[in-house]
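The values are calculated or read from the model by the stated rules, or taken from the named source; none is laboratory data. Just so you know, these numbers come straight off a predicted model, no measurement behind them. Here the Cβ is made from the backbone with ideal geometry for all residues, glycine too, and neighbour counts use every protein chain on show.
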Amino acid sequence: MTSLTVDPRKTALVLIDLQKGIVGRPTAPRSGPEVVLNAARLADRFRALGATVVLVHVAFQPDSKDILNAPADMPAQFNASALPPSWSEFAPEIGPRPGDLIITKRQWGAFYGTELDLQLRRRDVRTIVLGGISTNIGVESTARSAYEHGYAQVFAEDAMTSSSAEMHEFAIKNIFSRVGNVRSTDEVLSALAG
């Protein structure tokens, strides 16, 4: 494992789908609230250093016309009009706070169809630290796109979780380690301090 230094002037924390309608779902290897606590620690430190914090959430129009609906063997059964009004609101522990960037996505990844890349480049961000739910869906889709966009990446392993420990571990070991550095929240915080 290589040593890690994170320059807060060139790094953004990008947190995926830590919203009320997702955080309470059953997850593994850790609970949504555990992930939120680690993500909040990261966000607080990034803000204290004046670094960019990006909160990404998924939201849809009540008529559901902006939901992806491609033919699939396991299509998502989703009705936006049946969601409670607070479904896409962020978990209060993470924000938003003044100065945070808010990105609304309508698919798994945070880059496609949003201004995420534009806003990161305008702030001269070269590295992103990723966390969120679900490891192998929203976080992984964002990570793959970030890699293709040329960003260096750090994955806060204990600031993310999935619907099963196996799915989480597969993404961590087989995807994230190929496109960036996998570290704990404490290790990221230490890298920021150094």
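For segment 2-29, which positions are in contact (Cβ under 8 Å) with a residue 60 or more places away in the chain, part of a loop (DSSP other than H, G, I, E, B) and farther than 25 Å from residue 117 by Cβ?
2, 25, 26, 27, 29
Specify the residue that is nearest to residue 101 (Cα to Cα); the eligible residues are those in segment 30-86 that are part of a loop (DSSP other than H, G, I, E, B), of a type in the set (A, V, I, L, M) and free of Cβ contacts under 8 Å to residues at least 12 places away in the same chain.
Looking at the filtered set, the residue picked out is 76.
Give me a count of the residues in segment 113-139 that are acidic (Asp, Glu) and either on the phi > 0 side of the Ramachandran plot or in contact with a helix residue (DSSP H, G or I) (Cβ under 7 Å, 6 or more places away or on another chain) (or both).
Result for segment 113-139: 1.
Among the residues of segment 97-112, write down those that are at pLDDT 95 or above, in a loop (DSSP other than H, G, I, E, B) and surrounded by fewer than 16 Cβ atoms within 10 Å (Cβ to Cβ).
Within segment 97-112, 97, 98, 99, 112 qualify.
Tally up the residues in segment 18-72 that are surrounded by fewer than 15 Cβ atoms within 10 Å (Cβ to Cβ), over 12 Å from residue 133 (Cβ atoms) and modelled with pLDDT under 95, please.
So the answer is 11.
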